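The values are calculated or read from the model by the stated rules, or taken from the named source; none is laboratory data. Note that the structure is a prediction, hence the values are computed from the model and not measured. Cβ placement follows ideal geometry from the backbone for every residue including glycine, while neighbour counts extend to all protein chains displayed. Areas reflect the complete protein model, heavy atoms only, side chains present, ligands, DNA and RNA absent. Shrake-Rupley method; radii C 1.70, N 1.55, O 1.52, S 1.80 Å.
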Amino acid sequence: MTDRKASTFPGSSDRWANLESLGRAADDRPRRPPPERRKPKPPMSRRRRRHLLRTLAVAVAVVVILGAVGAVVGYRYADKLVGKGQRRVANLTPAGSGTPMNILLVGSDSRAGLSRRQLGKIQTVEVAGRRTDTIIVLHVSPAREKAVMVSLPRDLRATVNGQTNRINAAFAFGGADLLVKTVQQTTGLPIHHYAEIDFAGFLKVVDAVGGVRLCNRTKRRLDDSFANLHMPPGCQQMNGIKALAFVRARHIDSDFGRIGRQQEFLRAVMDKVASKGNLVNLPKLFGIADIASDHIQTDDTLRTGEAIGLARRLRKLDPATVDMRVYPSVASPPRCAGCAAFVDPLPEAAILMRALARDAARLPPVGLPGGKGVSLASTRVTVLNGGGLPGAAARAAADLRRIGVQVAGTGNAPKPTGTASTLAYPPALEQQAQLLRSVLDGRVKLVKRNTGSGLVLTVGSGFLSG
């Protein structure tokens, strides 16, 4: 990754500053001034890439505390905290009243606020400037009970300043302003607000809430000397240093495995912050909020009322309140010797983003963590012509192949269907059927059948391919 310019958001006051407060609460050691304007740095090492998701966890945790503080102490105190770390961020889309909100949560690898001893414990050194590896879009809808959190891989292929690059390079080149613009272009989603938390904030929040319980479910020892992670199988209570190693580790599997650990960590932090023991301890809440506000930078357009409302929505980060997804993508090998490796979006990424843009009540079963869900590449379908138009099945099959769907064959339907189009599926392939229906923009009717082993798409004369 190349050097980046310092972030360009002038100071002002913002509701999301509370997220910063939360971040600092977790550590009681000396810290450097918040990173405002810093000199460009050399390319980021793999070790530094892992600091992001953890920051996002802190940001979300801060929101929870903000909600509690706002509810218990009142609007005035919450307003003061929220305004502490505001910055101007360009390229944001104004949020409309009563409409869904998309918030870009970013983790910065700034070491500001960490002592040399702490740096040594996390196997890193003090470096200038900031970079980002953790990029998450939080989608909150006033019409839905469940929020959606989509993690974007740091190496996702994107167009940055007109050139093909990894998406995290946008932050290195142009700070929050360019990252917001690039994420909007890549996902097609409008970004309404921005929140960024730094490396030190992660440690401080975890320690402030008394540590978190994390689990190694691989049935093997996890050892990553770069992240200073040495964890036997099973669960254990972790302080900020150890939790940071857990979410930073990248040499034990892949970026996607790391995202899974980071999402587990998010749930653990939110669980701990939202626990009764923490929520009723006002001095502790105030301390966490004050410290966090020193480590979180947010845009200057989020109102205190919005922040408190969001905090109450995210009071508990679990499957009932937050749908965690990973941007549908796959790691691709370098195209030439010495070329950069990228993570490329899968065709279903556009399907998921389109559903979020429409604020769909039900999202397609793609991008689910832990390798769950389905993909177009694993979907096989037989296409039949039920409308009588010559070549209709062949045209539909060609369109499906172009987006990665496996076509088992084509033919004529045993009975004409007129203008109607159907997608028949056995119970075991219901998720694949839902995904394919999403690809086809709902132009087909799903029909469950108890016979057969594959999907059968019957196109009527009213089916419009493409």
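Restricting attention to region 356-366 and to residues that are free of Cβ contacts under 8 Å to residues at least 40 places away in the same chain and over 15 Å from ALA433 (Cβ atoms), the residue that is surrounded by the fewest Cβ atoms within 10 Å (Cβ to Cβ) turns out to be ARG358. Residues in region 457-466 that are surrounded by fewer than 21 Cβ atoms within 10 Å (Cβ to Cβ) and at pLDDT 90 or above: 1 in all.
Yes/no matrix, rows are residues, columns are (1) open to solvent by 30 Å² or more (accessible area, probe 1.4 Å); (2) in contact with a Lys or Arg (Cβ under 9 Å, 6 or more places away or on another chain):
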{"residue": "LEU368", "(1), (2)": "yes, yes"}
{"residue": "GLY371", "(1), (2)": "yes, no"}
{"residue": "THR382", "(1), (2)": "yes, no"}
{"residue": "PRO390", "(1), (2)": "yes, no"}
{"residue": "ALA397", "(1), (2)": "no, no"}
{"residue": "GLN406", "(1), (2)": "yes, yes"}
{"residue": "THR422", "(1), (2)": "yes, yes"}
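Hey, among the residues in region 412-466 that are under 32 Å from the mean Cα position of the chain (by Cα), in a loop (DSSP other than H, G, I, E, B) and free of Cβ contacts under 8 Å to residues at least 40 places away in the same chain, which one's nearest to ASP399 (Cα to Cα)? By that ranking, first place goes to LEU440.
For (1) of a type in the set (Val, Ile, Thr); (2) within 15 Å of the chain's Cα centre (by Cα); (3) at pLDDT 90 or above; (4) more than 28 Å from LEU436 (Cβ to Cβ), each residue gets a yes or a no:
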residue	(1), (2), (3), (4)
LEU317	no, yes, no, yes
ALA341	no, no, no, yes
ARG354	no, no, yes, no
PRO369	no, yes, no, no
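Of the residues making up region 163-177, those that are in contact (Cβ under 8 Å) with a residue 24 or more places away in the chain and closer than 22 Å to ARG87 by Cβ are ILE167, ASN168, ALA169, PHE171, ALA172, PHE173, GLY174, GLY175, ALA176, ASP177. Look at region 222-243: where a residue is under 12 Å from ARG261 (Cβ atoms) and open to solvent by less than 30 Å² (accessible area, probe 1.4 Å) and a partner is assigned to a loop (DSSP other than H, G, I, E, B) and small (Gly, Ala, Ser), sitting 6+ places away or on another chain with Cβ atoms under 9 Å, you get LEU222/ALA249; ASP224/ALA249; ALA227/ALA249; LEU229/ALA249; MET231/ALA249; MET238/GLY211; ALA243/GLY211.
Each residue in region 284-306 was checked for being of a type in the set (A, V, I, L, M, F, W, C), farther than 13 Å from ILE197 by Cα and at pLDDT 75 or above, and 1 pass. Of the candidates VAL206, VAL212, VAL180, the single residue that is modelled with pLDDT of 80 or more, within 18 Å of the chain's Cα centre (by Cα) and buried (at least 21 other Cβ atoms within 10 Å of the Cβ) is VAL180. Of the candidates VAL343, VAL330, the single residue that is in contact (Cβ under 8 Å) with a residue 12 or more places away in the chain, in contact with an Asp or Glu (Cβ under 7 Å, 6 or more places away or on another chain) and open to solvent by 50 Å² or more (accessible area, probe 1.4 Å) is VAL330. Scanning region 430-455 for residues that are open to solvent by 70 Å² or more (accessible area, probe 1.4 Å) and in contact with a Pro (Cβ under 8 Å, 6 or more places away or on another chain) yields GLN431, LYS448, ASN450, THR451, SER453.
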